[in-house]
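Student: Supplied in structure tokens, the structure appears directly below.
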There are 2 protein chains.
Amino acid sequence: MDRDEFVADCRVRAATDLFAHTWDSVALAALASGPRRRRELRDAIGGISDKVLTDALHRLLANGLIDRRAHAEAPPRVEYALTGLGQSLVDGPMKALGRWATEHGDKLLDAQEKSARNVIETRVDQP
Amino acid sequence: MDRDEFVADCRVRAATDLFAHTWDSVALAALASGPRRRRELRDAIGGISDKVLTDALHRLLANGLIDRRAHAEAPPRVEYALTGLGQSLVDGPMKALGRWATEHGDKLLDAQEKSARNVIETRVDQP
DNA sequence: GCCGTTACGCACCGATCGGTGTGTAACGAA
DNA sequence: TTCGTTACACACCGATCGGTGCGTAACGGC
């Protein structure tokens, strides 16, 4: 069974951990359309705070998925871009996830909604 | 650009959140080879605690990715199995992730190691 | 009657995460 | 000279997560 070694493989664990943080994948996806400045990223993403974006970028840098290029200019100017590794992650697994989400996302949201109501009902029993 | 709607799509966000918890994907993968009892899962996974497995199974159930079947037997007997939704997630995105990990996992670990050493060095400066 | 197994539940703990709010170095524009 | 922008850092906060440890209902075997 290749499934079992699939489970035990530590590199797969390391890979799933890349998605462990809420905004990392979003930032990655935002960089898929080309290099961007920090501010552009913030605006493109929308509901992310300054510090959280910094954290996410630090993690992506630490994982070698993005590059940081600082230009010595008047208002500081820093550009972030996907590395080859980051690009391959976006093109492969993230695109697969995107396809899955567009295909099965409704079922997922249905299930989540349904069980969310159940949780509320059970919690009402314990004041 | 289909990349941008890819970013903004909330269903994609919901999908990446499925990987947000350390053991969820591991448990899912462990179920890929067929239905298993809770104890079998625990042993198959290895370093997971009882409570954390419960948490993970609850989340997977809440997301409609797995099924729970309890049999009224002598020592309690509960089997967990992938739903159609869970199976599609394993077959699609998780397999893609697995392929990516076997292909690029070394680079990822290299980058992590390298920056980990940097972090340690910087942290030594601040006792 | 007592022990072991199974599948949990519950309490507690330290670490981490997302989020907010505030400060700041460097410069250009007004 | 003061103001605004950019790209951060730092402190703090509440919530959550992974993990440990202990309890327990239901039964079967000894």
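Student: Output the number of residues of the range B:69-98 satisfying the condition of being charged (D, E, K, R) and surrounded by 15 or more Cβ atoms within 10 Å (Cβ to Cβ).
Tutor: Qualifying residue count for the region: 2.
Student: For A:Gln87, work out the one condition from (1) in contact with a helix residue (DSSP H, G or I) (Cβ under 9 Å, 6 or more places away or on another chain); (2) within 12 Å of chain B (Cβ to nearest Cβ); (3) modelled with pLDDT of 90 or more it doesn't fulfil.
Tutor: Unmet for A:Gln87, out of (1) in contact with a helix residue (DSSP H, G or I) (Cβ under 9 Å, 6 or more places away or on another chain); (2) within 12 Å of chain B (Cβ to nearest Cβ); (3) modelled with pLDDT of 90 or more: (1).
Student: I've got another one for you. Condition first: acidic (Asp, Glu), in contact with a Ser or Thr (Cβ under 8 Å, 6 or more places away or on another chain) and within 12 Å of DNA strand C (Cβ to nearest atom). Can you find one or more residues in the range B:15-22 that meet it?
Tutor: yes
Student: Separate question: What are the residues in the range B:42-56 that are within 14 Å of DNA strand D (Cβ to nearest atom), in a helix (DSSP H, G or I) and within 15 Å of the chain's Cα centre (by Cα), if any?
Tutor: B:Arg42, B:Ile45, B:Val52, B:Leu53, B:Thr54, B:Asp55, B:Ala56
Student: Would it be correct to say that A:Arg59 is surrounded by 14 or more Cβ atoms within 10 Å (Cβ to Cβ) and closer than 29 Å to B:Leu28 by Cα?
Tutor: So A:Arg59 passes the test.
Student: Here's a follow-up. Given the residues A:Arg99, A:Arg59, A:Arg39, which is the only one that is within 16 Å of the chain's Cα centre (by Cα), without any contact (Cβ under 8 Å) to a residue 40 or more places away in the chain, assigned to a helix (DSSP H, G or I) and within 16 Å of DNA strand C (Cβ to nearest atom)?
Tutor: On inspection, the qualifying residue turns out to be A:Arg59.
Student: In the range A:62-83, which residue that is part of a strand (DSSP E or B), more than 7 Å from DNA strand D (Cβ to nearest atom) and of a type in the set (D, E, K, R) is nearest to A:Arg39 (Cα to Cα)?
Tutor: This residue is A:Glu79.
The values are calculated or read from the model by the stated rules, or taken from the named source; none is laboratory data. If you're wondering where the values come from, they're calculated on a predicted model, not measured in any experiment. Note that we place each Cβ from the backbone using ideal geometry, even for glycine, and neighbour counts take in every protein chain shown.
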